[in-house]
Amino acid sequence: MRIGELAEQAGTSTRTLRYYEQQGLLAARRTSNGYRDYDDVDLRLVQEIRTLLELGFNLEETRPFVDCLRSGRQTGAECPASIEVLDRKLTDLDSCIARLLLARRRVSNELAAARDREEPAAARCHDKPAAACGPEQPAVRGRQTPEDPR
């Protein structure tokens with residue numbers, strides 16, 4: 001198949017395929033008239049690359065998976081180099097999740113503290129005359145200055 005067909009079937013652009021070729025991830029054969037020629041194995045390689053990119057792998061990290069598929073394996077994750085990349089990515093994800101959980105706890109604590117500070121003030125004024133709760137704040141509809149009362 002030609003590059004346009006491969007791009008369409010893989011859900012990507014011809015420019016992206018040429019980039020993968022430049023990076024050594026995809027090897028095009030040439031027809032007698034110079035057109036790039038691809039087959040179903042190439043389609044599988046591009047699908048593997050795209051899937052890994054969607055999962056957060058960078059392009060270089062996809063290389064062991066591509067090499068594994070090229071060696072005839074059923075999946076790109078069957079080779080030791082691919083397993084090593086998966087292990088590293090999982091460690092990175094666990095670290096990121098831990099940082100996010102810590103940030104979430106901090107934000108949750110701040111929110112709880114803010115609500116606790118807000119509730120006593122509201123409780124002090126509940127069922128009391130407005131004068132007992134302090135001066136009423138005027139509604140602001142724009143800039144009000146002594147020179148420009150609105």
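The values are calculated or read from the model by the stated rules, or taken from the named source; none is laboratory data. Fair warning: this is a prediction, and the values are worked out from it, not measured in the lab. Here the Cβ is made from the backbone with ideal geometry for all residues, glycine too, and neighbour counts use every protein chain on show.
Per-residue answers, yes or no, for (1) at pLDDT 95 or above; (2) among the aromatic types (F, W, Y); (3) in contact with a strand residue (DSSP E or B) (Cβ under 8 Å, 6 or more places away or on another chain); (4) surrounded by fewer than 16 Cβ atoms within 10 Å (Cβ to Cβ):
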| site | (1), (2), (3), (4) |
| --- | --- |
| L25 | yes, no, no, no |
| R29 | no, no, yes, yes |
| S32 | no, no, no, yes |
| L53 | yes, no, no, yes |
| F65 | yes, yes, no, no |
| L90 | yes, no, no, yes |
| S95 | yes, no, no, yes |
| L101 | yes, no, no, yes |
- When the residues of the range 77-119 are filtered to those that are under 21 Å from the mean Cα position of the chain (by Cα) and among the hydroxyl-bearing types (S, T, Y), which remaining residue is farthest from L59 (Cα to Cα)? S95
- What's the number of the condition G142 fails, among (1) over 25 Å from E21 (Cβ atoms); (2) at pLDDT 95 or above? (2)
